[in-house]
Amino acid sequence: MNKKIINTMSMTIPAKSENESFARAAVAAFCSSLDPTVDEISDLKTAVSEAVTNCVVHAYQKRQSNDDIITIACELAEDMLTVKISDHGVGIPDIKQAMQPFYTTVKDGERSGMGFTVMQSFMDKISVNNNEGGGTVVTMQKNFTKEAEKVSGE
């Protein structure tokens, strides 16, 4: 069943690590009309952080140039948020392998290889696709607790 889209937003930011906190705060603020719980906001912010960090570290390989951009597009439905985070970086040669826990392309010991695992655990649905000609799109969905469930504690 398709849910009615209530609101949309998109933004483009330079792929710099200092923009990760802005991206997570902006997406969290955007979904505030759904009156999310603290846990729901925390989950969402963590998943967005991981996706943006993956763009900075892997897609653009830590270059941190103003020419390297990340686009974040959100659709807000009745009780669901869809977040698409895309880049124009090097792409992912093997998405299935990249989504395995502890897999990382950064071999210097700094990365845990848990980015996609974290995103999967905090969001209700995640898909990853390569753009034609390079780049990646991570699409994540989060269902929010309906007001009646919050009141009854279900």
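The values are calculated or read from the model by the stated rules, or taken from the named source; none is laboratory data. Remember, predicted model here, so these are calculated numbers, not experimental data. Every residue, glycine as well, gets a Cβ built from its backbone with ideal geometry; the counts of neighbours run over all protein chains shown.
Quick look at the numbers
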item: Residues (of a type in the set (D, E, K, R) and under 16 Å from residue 73 (Cβ atoms)) located in the range 1-35; result: 24
item: Unmet requirement for residue 55, which otherwise passes all of (1) under 15 Å from residue 124 (Cβ atoms); (2) at pLDDT below 95; result: (1)
item: Positions within the range 88-113 being of a type in the set (A, V, I, L, M), modelled with pLDDT of 65 or more and surrounded by fewer than 16 Cβ atoms within 10 Å (Cβ to Cβ), in sequence order; result: 90, 95
item: Residue in the range 36-88 that is nearest to residue 11 (Cα to Cα), counting only those that are among the polar types (S, T, N, Q) and part of a strand (DSSP E or B); result: 71
item: Of all residues in the range 59-87 being over 30 Å from residue 4 (Cα atoms) and small (Gly, Ala, Ser), the one that is surrounded by the fewest Cβ atoms within 10 Å (Cβ to Cβ); result: 65
